[in-house]
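For reference, the structure discussed in these notes is given below.
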Amino acid sequence: MRKRVKPVLALVASLAAAGLVPQAAAARPGHITSAAPMGIAREVHTETTLMNGQVLVVGGSSGGLNGVSSAELYDPAADMWRATGRMATPRAGQSAVLLGNGRVLVAGGEDSIGFHLSSAELFDPATATWLPAGNMSVARIEPQAALLADGRVLVAGGCCGGPSNGTSALAEIYDPSTNSWAGTGSMATARRLFALTTLANAKVLASGGMNDTSRALASAEIFDPATGAWSPAGSMSTARRQHSATLLGDGRVLVAGGADGVNLASLASAELFDPATGTWAVTDSMRAGRKVHTATLLLNGDVFVSGGLDDAAPSAVLASDELFTIHDSWKRADELDSPRLLEAAALLLDGRVLITGGQLQDGTTLATTAIFTP
């Protein structure tokens, strides 16, 4: 079996060897504990673990506003949040990627009155300031972004133009060395609410999503940075949107949950894509159907799946969590402090998972946070 390591795991390992990983707070393994709340409530925000171990939370919707400009930093060692400046533009539904130089690229989204954005910004942890990062060729809400092996960033799909105006197949690349954007090949299918995953072979997998007629998709495509072209990558057994896609330690991709292509019902099913053969295989199903959930690869190779929405459950917003293990099977994890959907999650350098914000069953946006200790 191929042994591949996701780049963030390699970073964690190198920092641990240097003694730079903060110590985990006292918590029982396999359990979730409450952490300090954010300064404001947020949903559809982004969460990024920085190279220094702190976590950057950016934008999102809050208090009825479509997008906010504020950002916060979480210090896991102190369990403390602090404000860290404001973006030039309020954003919700944006993408965020940690660059090789330690900065964070934030692109697209929608502003406080619902208009889609083409602009991008950079957060520089060294100065705790925001810098302009040029404009994409089109405005996008819910774009998907992936860090390429050469340090550039691929951004693809999403919804483009003004409010609720179409679904895009366009893709473009941000180059940190020039702080500029350039077009690249377009996907064969326009996609929104899909997943973009950088593979161990440096190519990028686009899976599922919703097309420009609002139908969920089973198809997948692969982007080759060497040629700038997309090629077919087979089809999943089930059309799905709002799912998760996680690169596993052996190079396969786990796709889990989402909404189906018939009535957008929440799915419990999961599938595995093998880049070596270019094929999909059904794997063990989750215990609960989930869409708009989070999925985080742990240091031990398991995948931690949290929260989301299950249309079939009495209380549709889920507090339950699950683990996909290296044995290709699911097992129950601990319960969240409260049910959440549209939350964000990120792996901390000490191996724990920070879960932030989201929305309750009644639509209340949350400022609360929680930490899962594997």
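Just so you know, all these numbers are worked out from the coordinates, no wet-lab data involved. Computed from a predicted structure; not experimentally measured. Virtual Cβ from ideal backbone geometry, glycine too; neighbours counted across all protein chains shown.
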- Sequence-separation-based contact order of segment 7-373, relative, with Cα cut under 8 Å and 6+ spacing, percent: 14 percent
- Item | Shape category assigned to segment 168-280 from the gyration tensor of Cα positions, a/c cut at 1.5 | oblate
- For the residues 290, 215, 240, what sequence is obtained by ranking on other C-beta atoms within 10 Å, fewest first? 215, 290, 240
- Task: Let me know the charge dipole size of the chain about its Cα centre in debye, to the nearest 20, where only the beta-carbon of Lys, Arg (+1) and Asp, Glu (-1) is charged.
- Result: 380 debye
- Item | Rh by Kirkwood over Cα pairs, then Stokes-Einstein D for the chain at 0.692 mPa s and 37 °C, µm²/s | 162 µm²/s
- Query: For segment 226-302 and segment 101-146, what is the separation of their Cα centres, given in Å?
  - Reply: 26 Å
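Mind sorting 302, 224 by how few other Cβ atoms lie within 10 Å of their own Cβ, fewest first?
Placing the least packed residue first, the sequence is 224, 302.
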- Message: Net charge around residue 119, counting only other residues with Cβ within less than 12 Å of its Cβ (Lys, Arg = +1; Asp, Glu = -1)?
- Response: -1
- Message: With 10 angstrom as the radius, rank 355, 173 by how many other C-beta atoms surround their C-beta, starting from the fewest.
- Response: 173, 355
- Item | Cut-off 12 Å between beta-carbons: net charge of the residues surrounding residue 48, Lys and Arg +1, Asp and Glu -1 | -1
